[in-house]
Amino acid sequence: MPELKIAPSILASDFSRLGEEIKAVIDAGADWIHVDVMDGHFTPNITIGPPVVAALRPHCSVPMDVHLMISDPDAYIEDFANAGADIISFHIEAATHPHRVISKIKDCGCKAGIVLNPGTSQDDIEFVIDAVDMVLVMTVNPGFGGQKFIPEMVRKIQYVRAMLGDRDLEVDGGIDGTTAQAVIEAGANVLVAGSYIYGSDSYLDAIESLRNADR
Ligand code: DX5
Ligand code: ZN
């Protein structure tokens, strides 16, 4: 199993102080910073785009993990790579030619991740999984922070771990001290958490409790 990593989602942070909020979780031990990009088409919500990622890049001393929840990922890969993304993940449901998107991400010098909505089977990525660096299993439906973890996803995490070998398997949505234990045991090694970390009194304690959830 690859190394456990904690990736706070800035979606739950104070947007008026994004740079400080990023630095605060890095000081508290965050391994990656997770950036949720929503376009109002693929998701009901709209969040941030490449100019904000570029503005945050100097405030971020760890890898920027950019999660594209957008309808036409192919069209925006270069913009997010130029803005400073290190890892770019896109939804299989949104891509007409997923191999082409993966190649573009890698040609831009980034790591490529593919994302499954809760309703999408792991079978849908069978023929692209060899090309990716990471799979992200959504444990809520994309669109908002603070939603409830969908327990059926534990089984999907087990299936995807068996397909992935020792590459990164990320989970996103409703991750807290309790659900973290279940997903780590199922095979996840990158935990995204928004409201659990940014909603806590101590970012340090929240990150530590996720890191030690399976002990
Ligand atoms: C959901 C986003 C998540 C979200 C997680 O659409 O992809 O990254 O911010 O938030 P929590 O941890 O609050 O469920
Ligand atoms: Zn996300």
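The values are calculated or read from the model by the stated rules, or taken from the named source; none is laboratory data. Computed from a predicted structure; not experimentally measured. Note that we place each Cβ from the backbone using ideal geometry, even for glycine, and neighbour counts take in every protein chain shown. These area figures cover heavy atoms from the full protein model, side chains too; ligands, DNA and RNA do not enter into them. Shrake-Rupley method; radii C 1.70, N 1.55, O 1.52, S 1.80 Å.
Quick one: order 208, 152 from most to least accessible surface, probe 1.4 Å.
From most accessible down to least: 152, 208.
Between residue 215 and residue 141, residue separation times 0.36 nm minus the direct Cα-Cα distance comes to 23.8 nm. For segment 68-141, GluC sites (Glu not before Pro) are listed when DSSP marks them as loop and at most 13 other Cβ atoms sit within 10 Å of their Cβ; the list is 126. The residue 27 and residue 127 beta-carbon pair, evaluated with R₀ = 45 Å, returns a calculated FRET efficiency of approximately 0.60.
Ordering 215, 100 by accessible area with a probe of 1.4 Å, largest first, what comes out? Show your work: numbers first, answer last.
Working: 215 210, 100 140 Å².
Order by accessible area, largest first: 215, 100.
Which FRET efficiency, nearest 0.05, do residue 78 and residue 159 yield, Cβ-Cβ r, R0 25 Å? E between residue 78 and residue 159, to the nearest 0.05, is 0.15.
Projecting label points 7 angstrom from Cα along Cα→Cβ for residue 107 and residue 3 puts them 3.1 nm apart. The H on the amide N of residue 212, modeled in the peptide plane, is under 5 Å from the matching H of no residue at least 5 residues off or on a different chain.
Comparing mean-square fluctuations of 56, 191, 136 from a GNM of the chain with C-alpha springs under 10 Å, the top value falls on 56.
The ellipsoid that matches the Cα gyration tensor of segment 25-90 has semi-axes, each √(5λ) in whole angstrom, of 21, 13, 10, with the longest given first. Rounded to the nearest 10 square angstrom, residue 168 shows an accessible area of 30 square angstrom against a 1.4 Å probe. When the surface is traced with a 1.4 Å probe over the full set of protein chains, residue 211 keeps roughly 50 Å² accessible.
Given in Å, the Rg to one decimal and the Dmax to the nearest whole number for the Cα atoms of the chain are 15.6, 44. Using the rule -39500 (n - 2.57) for each DSSP H run of four or more residues, divided by the residues of the chain, the 222 nm mean residue ellipticity is -9000 deg cm²/dmol.
Is there a quick way to get the dipole size of segment 1-129? I mean about its Cα centre, with the Cβ of Lys and Arg at +1 and of Asp and Glu at -1; what is the value in debye to the nearest 20? Write out the running numbers ahead of the final one.
Working: 8 positive and 19 negative charges, 54 e Å.
Around 260 debye, computed over segment 1-129.
Residues whose amide H falls under 5 Å from that of residue 149, counting only those 5 or more places apart or on a different chain, are absent, with hydrogens built in the peptide plane. Computed on protein heavy atoms with a 1.4 Å probe, the accessible areas place 127, 90 in the order 127, 90, largest first.
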